Amino acid sequence: MPIHTSQNFWILETDHTAYALGLDSEGRLVNLYWGERLPRVSDYPKESFPLNWASFSGAGQNAREEFPAETGLKYIEPCFKAVYPDGVRDSVLCFDKAEVTGDSLHIHLLDAIEPLRIVLHYCVHEPYDLIERWAEVTNSGEKVITLERVLSAQWHLPRGRYRLSHVYGRWADEWNLCREPITPGVKVLESRRITTSHIANPWFAVDAGSADEDQGEVWFGALAWSGNWKFIVELTEYSAARLSLGINDWDFAWQLNSGETFRTPPAVCGYTMNGFGESSRRLHDYIRDRVLPKGHSLRKVLYNSWEATHFDVDESSQAALAELAAGMGVELFVMDDGWFHARNDDTAGLGDWWPDEIKFPHGLKPLIERVNKLGMEFGLWVEPEMVNPDSELYRTHPDWVIHFPGRGRTESRNQLILNFARQDVQDDILEKLDHLLADNDIHFMKWDMNRNVSEPGWDTAPGDPRELWVRYVQGVYRVWSTLRERHPQVTWQSCSGGGGRADMGILQLADQVWISDNTEPTSRLNIQEGYTQAYPACSMEAWVTDMGPEYLPLEFRMHVSMCGALGIGGHLVHWDEDKRAQAAYWIARYKEIRPIIQFGDLYRLRSPQKESFSALEYVSKDRSEAVLFAFRTYQPLIPQFESMPPVYPRGLDPEALYTIEGFDDIRSGLAWMRTGVEVYLTNYQSTVLRIRKVEG
Ligand code: GLA
C-alpha cells in the first residue's frame with residue numbers, strides 16, 4: 001500500500017522514495033518530506049520547522065504549502081489566484097477532507113468564505129518512483145469566478161544550495177542542456193507561444209551541485225501540457241527553494257461558471273539518489289509504460305521525403321524514392337509536405353486536405369498501392385491547425401483564424417493559425433482528416449505545426465477570450481484523440497518545425513516526435529542528449545539525411561540516428577549503389593538491436609556537450625544484452641590518439657560474464673564497468689559495440 005494516512009498526515013511511498021504532507025498548527029497543507037524512503041512510517045517528520053519572519057511577512061511566507069493561494073501577508077509565488085464575483089481577490093484555502101482511492105490521495109480544500117472547492121490529486125506510481133499531481137477547481141456557487149492562475153503543483157526542497165538543470169534553444173537548435181545555480185529571487189522558464197516551444201521545455205532536474213549521471217540526489221519533474229506553460233524556481237529570503245509548474249498564467253483568465261470544474265494538466269515529480277541518469281530512466285520507463293499509447297510497439301524504420309523532394313512530390317518522384325528505400329530495408333514510406341490541393345510551395349493549400357488534382361490525378365491510392373507492393377506501409381504529412389490565406393478553407397471561413405477583428409493578421413511562413421478553441425473549426429478539420437484516413441490505407445501521420453501565435457484574439461468566445469490559450473490545446477487534443485480512436489492502425493508523429501511540441505501531454509497522442517529540423521549529425525548528438533533527459537529513445541525519431549559537410553561518413557550519420565527511432569531522409573536517387581548498400585547494412589543491424597535501444601535503459605556515458613568524444617549505452621531490461629555507441633567529432637592531429645579516455649559501460653549485472661564485440665576477453669560485468677574499454681576513434685569516426693551476457 002503506497003499511501004499511509006493518519007489524521008492530518010499523509011505519506012506517499014514509492015519503491016525507493018517518499019513524499020509526506022500534513023496540516024500545520026494553523027491548518028495549512030504543507031510538505032513535510034520529499035526524499036529517500038525511510039524504513040518505518042514513524043520515521044517521517046510530522047511537523048515542518050517554521051522559519052522566523054519579521055513583521056514584513058506573515059507565517060505563510062515560509063510555510064511549505066503544497067498549493068499556496070494568493071492571500072495574507074505573503075509574497076511567494078502562489079499556485080492559485082482568483083477574482084470572486086464581489087471583486088475580492090483573496091483565497092483562504094482550508095482543509096476539508098482527504099480520501100484515498102487505490103494508489104491516489106485526494107485532498108479537498110475549501111475557501112473560507114467563497115463557494116470554491118479545490119481538490120489536490122496525488123497519484124503514486126510506485127515502481128517508477130514518481131508521483132503525479134494535478135488540481136481540480138470547482139465553483140459551487142451561483143456566480144462566475146474568474147481564475148487568474150491555477151498551477152498543477154508546487155514542490156519544496158530541503159533548505160540548501162541547489163543547481164537547476166533545464167533545456168533551452170531555438171528552431172533547429174533545440175534541447176541544449178543548461179545547469180546553473182539557483183540564486184535568490186525568481187527564475188521563470190515558460191512558453192507564451194501556444195505550443196510547448198523550441199525555446200524551453202517543461203522538464204526540470206534539481207541537485208545540490210555535485211550530482212552526475214551516476215550518483216547524487218536529484219529532484220525532477222515534467223508537465224503533461226502542450227500549450228503555454230510556466231516553471232518557476234524561487235529561492236526566498238530564507239533560502240527556501242520552491243518549484244512550481246503548470247499552465248502559464250501570462251494572458252490567462254478563465255471564467256468558471258456555476259457548477260463547473262477546471263482541471264489542470266498533470267505534473268509528475270520524482271526523486272533519486274542515483275544521479276541524472278536514473279532520473280531520466282525513471283521518466284523513460286513511466287512514459288513508455290503509462291503515457292505513450294504504443295510504448296511497447298517497435299518503431300519502424302521509416303523514410304521521409306521532405307529533405308529529398310520538398311514540395312515537389314508526385315507519384316513518380318515518390319515511387320522512385322520508395323523503391324530505393326524498400327531495397328534498403330525501410331519499412332514505412334512517409335510522403336511529407338506538398339501532396340494536397342494547390343500545394344506547390346509554402347504560399348498556398350494549408351487547410352485543403354485532399355490530394356492535389358494535378359500531382360495525384362487518381363488520388364493517393366495508386367502510390368499507396370505501389371508502396372504497399374514494395375512491402376512498406378504508407379504515411380503522410382499534415383499540418384491540421386494551419387491555413388494559408390490562399391486556400392479554399394480561408395476563402396470560405398476567414399473568421400476561423402486566431403485574430404483580433406479590425407486588426408492586422410500577422411502571417412508567418414505565409415500562414416495563419418486556425419482557432420482550434422472553436423468546436424466548428426475542430427469538427428471541420430476532424431472530418432477532413434477522418435475522410436483522408438478512411439479513404440486511404442495510411443499507417444502513419446506526421447502532425448506538424450509551423451508557426452507560433454500572434455494577435456491572440458477570439459471575438460466569439462463564450463467566456464473570457466483569454467481562455468483561448470487553454471481551449472486551443474484542448475481542441476488539438478480532442479481532434480487528435482478522436483482520430484486515434486477511429487483509426488487505431490495509425491502511428492503518429494508530433495512535429496512543430498522540429499522539436500517545438502514535445503512534452504508528456506503530446507506523448508499521450510503521438511507515438512514519436514520529430515525533435516529537430518537540424519539533422520546535421522554532430523549537432524544532433526547534443527540535441528539527442530538534451531531530448532533524452534526526459535523523453536525515451538523510442539519516441540525520438542532520427543533520420544539520416546544529406547545535411548552537413550560531405551566529409552561526414554555515412555557510418556557516423558547512421559550511428560547517430562540509430563540511437564533513436566531510425567529513419568532515412570536523404571535524397572536516395574542521388575546516393576550511389578555503394579552508399580545505399582552501406583545504409584542497408586546499418587538498417588539491418590539496427591533492426592537486430594532496436595528492441596534494446598527502444599525499450600532498454602539508457603546510460604549517457606560521456607556527454608557530447610562537453611567534449612569531442614561522446615558515448616552512450618542501452619541495456620536490455622534483463623541485462624543480458626547492451627549496445628554501446630561512441631562518437632568522435634574533433635581530434636587534434638598530433639599525437640594521434642591524444643585524450644581518448646576509456647569508456648566505462650554501465651548497468652551490467654556485476655556478477656555475470658559478458659563479451660564485448662571487438663574484444664577477446666570474457667569478463668564479469670563489474671570488471672567491464674570498472675576497467676572500461678578503450679575505443680580508438682579519429683575525426684568523425686564512430687562505433688557501435690554489442691555487449692552480450694555469456695553466462696548467468
Ligand atoms: C517543418 C517540418 C519539416 C517538414 C516541413 C514541411 O519544417 O519540421 O520536417 O515537414 O515542415 O513543410
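Taking label points 7 Å from Cα along the Cα-to-Cβ direction, Ser140 and Gln215 give a separation of 5.2 nm.
For region 198-250 and region 649-675, compute the distance between their C-alpha centroids and round to whole Å. So the two Cα centres are separated by 36 Å.
Within the same chain, lysines fewer than 8 places from Lys46 are excluded, and of the rest, those with a Cα less than 27 Å from its Cα are Lys74, Lys97. Solvent-accessible surface of region 315-429, averaged per residue with a 1.4 angstrom probe and all protein chains in place: 38 square angstrom. If you wrap region 613-694 in the convex hull of its Cα atoms and look at it from every side, the mean projected area works out to 5.0 nm².
Rounded to the nearest 0.05, what FRET efficiency do Lys373 and Gln489 give with R0 = 25 Å and r taken as the Cβ-Cβ distance? Could you check? For R0 = 25 Å, the calculated efficiency reads 0.85. Straight-line cross-link partners of Lys591 among the lysines, defined as a Cα under 17 Å from its Cα and at least 8 positions apart when in the same chain: Lys300. Here region 613-694 exposes an accessible surface that is 53 percent carbon and sulfur, computed with a 1.4 Å probe and the other protein chains kept in place. Report, in order of residue number, the helices in the chain meeting two criteria: a C-alpha extent of 18 Å or more along the helix axis, and a mean Kyte-Doolittle hydropathy of at least 0.0; treat each whole DSSP H run as one helix. Helices meeting the span and hydropathy rule in the chain are 315-328. Each label point was placed 7 Å from the Cα along the Cα-to-Cβ direction; for Ala438 and Lys97 their separation is 4.6 nm.
Around the amide H of Ser152, modelled in the peptide plane, lie the amide H atoms of Leu245, Gly246, Ile247, all under 5 Å away and 5 or more residues distant in sequence or on another chain. Note on region 3-291: Cα-Cα pairs beyond 27 Å make up 38% of the total pair count.
Each pair of Cα atoms in region 571-653 enters the Kirkwood radius, and Stokes-Einstein at 20 °C and 1.002 mPa s then converts it into a translational diffusion coefficient of 143 µm²/s. Can you give the percent of C-alpha pairs in region 29-141 whose distance is more than 18 Å? So the pairs more than 18 Å apart make up 60 percent of the total in region 29-141. Answer rounded, prolate or oblate for the chain, using the Cα gyration tensor with square roots of eigenvalues a ≥ b ≥ c: rounded when a/c is under 1.5, else prolate when a/b is larger than b/c, else oblate. Oblate shape, in that a/c is at least 1.5 and b/c is the bigger or equal ratio. In terms of packing, defined here as the mean over residues of other Cβ atoms within 10 angstrom, the peptides 686-695, 72-81 line up highest first as 72-81, 686-695. Provide the net charge surrounding Pro462, with neighbours chosen by a C-beta distance below 14 Å and charges set as Lys +1, Arg +1, Asp -1, Glu -1. Result for the neighbourhood of Pro462: -2.
On a per residue basis, region 613-694 carries 46 Å² of accessible surface, using protein heavy atoms and a 1.4 Å probe.
Considering only protein heavy atoms and a 1.4 Å probe, what is the carbon-and-sulfur percentage of the accessible area of region 3-291?
Reported share for carbon and sulfur atoms: 49 percent.
Across region 673-685, computed HN-Hα scalar couplings (Karplus, 6.51 cos²θ - 1.76 cosθ + 1.60, θ = phi - 60°) run 6, 8, 9, x, 10, 8, 10, 9, 9, 10, 3, 6, 9 Hz from first to last residue, x flagging Gly and Pro. Note that region 3-291 presents 38 Å² accessible area per residue, ligands and nucleic acids not counted, probe 1.4 Å. Cβ under 12 Å from Pro68's Cβ, Pro68 left aside: what net charge do those residues give with Lys, Arg +1 and Asp, Glu -1? Its environment carries a net charge of +1. Please give the contour-minus-distance gain from Thr396 to Val694: 0.36 nm per residue of separation, less the Cα-Cα distance, rounded to one decimal in nm. Using 0.36 nm per residue and subtracting the Cα-Cα distance, I get 100.6 nm. In terms of the mean number of neighbouring beta-carbon atoms within 10 Å, the peptides 504-512, 206-214 order highest first as 504-512, 206-214.
For Lys81, the lysines whose Cα falls under 16 Å of its own Cα, not counting residues fewer than eight places away in the same chain, are Lys230. Phi angles across region 128-144 convert, under the Karplus curve 6.51 cos²θ - 1.76 cosθ + 1.60 with θ = phi - 60°, into 3J(HN,Hα) values of 9, 6, 10, 10, 9, 10, 8, 10, 10, 10, 10, 8, 9, x, 9, 9, 5 Hz, Gly and Pro given as x. Between the C-alpha center of region 416-450 and that of region 536-604 there is a gap of 30 Å. Calculated mean residue ellipticity, 222 nm, the chain: -6000 deg cm²/dmol, from DSSP H runs (n ≥ 4) at -39500 (n - 2.57) each, averaged per residue and rounded to 500.
Measuring between their Cα centroids, region 126-188 and region 471-524 lie 22 Å from each other. When peptides 300-306, 64-70 are sorted by average Cβ neighbour count within 10 Å, with the highest value leading, the order is 300-306, 64-70. Rounded to the nearest Hz, the phi-derived 3J(HN,Hα) couplings of region 389-402 under the Karplus curve 6.51 cos²θ - 1.76 cosθ + 1.60 (θ = phi - 60°) are x, 8, 7, 5, 4, 5, 5, 7, 10, x, 7, 7, 8, 5, where x marks glycine and proline.
The values are calculated or read from the model by the stated rules, or taken from the named source; none is laboratory data. Worth saying up front: this structure is predicted, and the values here are computed from it rather than measured. So basically every Cβ, Gly included, is an ideal-geometry build from the backbone, and we count neighbours across all protein chains shown. Heads up: the accessible areas ignore ligands, DNA and RNA and are worked out on the full protein's heavy atoms, side chains in. Shrake-Rupley method; radii C 1.70, N 1.55, O 1.52, S 1.80 Å.
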